[in-house]
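Take a look at the structure below.
The values are calculated or read from the model by the stated rules, or taken from the named source; none is laboratory data. All of these numbers come straight from a predicted model, not from anything done at the bench. Glycine gets a Cβ as well: all are built from the backbone with ideal geometry, and neighbour counts include every protein chain shown. Heads up: the accessible areas ignore ligands, DNA and RNA and are worked out on the full protein's heavy atoms, side chains in. Shrake-Rupley method; radii C 1.70, N 1.55, O 1.52, S 1.80 Å.
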Amino acid sequence: MEQLTPDERKVYETMKRLGATNPNTLKTADDIARTAALPKGRVNNALISLVNKKIAKRVAREKAAGYYLLK
């Protein structure tokens with residue numbers, strides 16, 4: 001896997017712990033921020049970066065986008 005920043009790594013590990021590993025188990029940035037104990041802005045930046053690196057996938061929904069891991 002590519003080199004990850006500390007925030008990206010923490011978000012990745014938190015998503016694994018929350019079980020966000022397929023489209024049926026999406027987690028929002030709020031869920032991830034709460035569990036990782038990181039500010040939502042840093043979580044959002046890390047999620048965007050993980051999506052750009054094709055490590056995570058973003059799914060647009062009515063209220064809040066959901067994320068899950070691809071790798």
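A compact table of results
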| quantity | calculated |
| --- | --- |
| Filter result for residue 58 (within 13 Å of residue 69 (Cβ to Cβ), over 10 Å from the mean Cα position of the chain (by Cα) and either open to solvent by 70 Å² or more (accessible area, probe 1.4 Å) or charged (D, E, K, R) (or both)) | no |
| Residues that are of a type in the set (Val, Ile, Thr) and within 14 Å of residue 57 (Cα to Cα), drawn from the stretch 1-31 | 11, 21, 25, 28 |
| Residue match in the stretch 22-32 (condition: touching a Ser or Thr at 6+ places or on another chain (Cβ under 9 Å), open to solvent by less than 30 Å² (accessible area, probe 1.4 Å) and within 13 Å of residue 10 (Cβ to Cβ)) | yes |
| Contacts under 6 angstrom Cβ, first residue in the stretch 41-65 being within 18 Å of residue 3 (Cβ to Cβ) and among the small types (Gly, Ala, Ser), partner open to solvent by less than 30 Å² (accessible area, probe 1.4 Å) and part of a helix (DSSP H, G or I), 6 or more apart | 46/8; 46/11; 49/8; 56/50 |
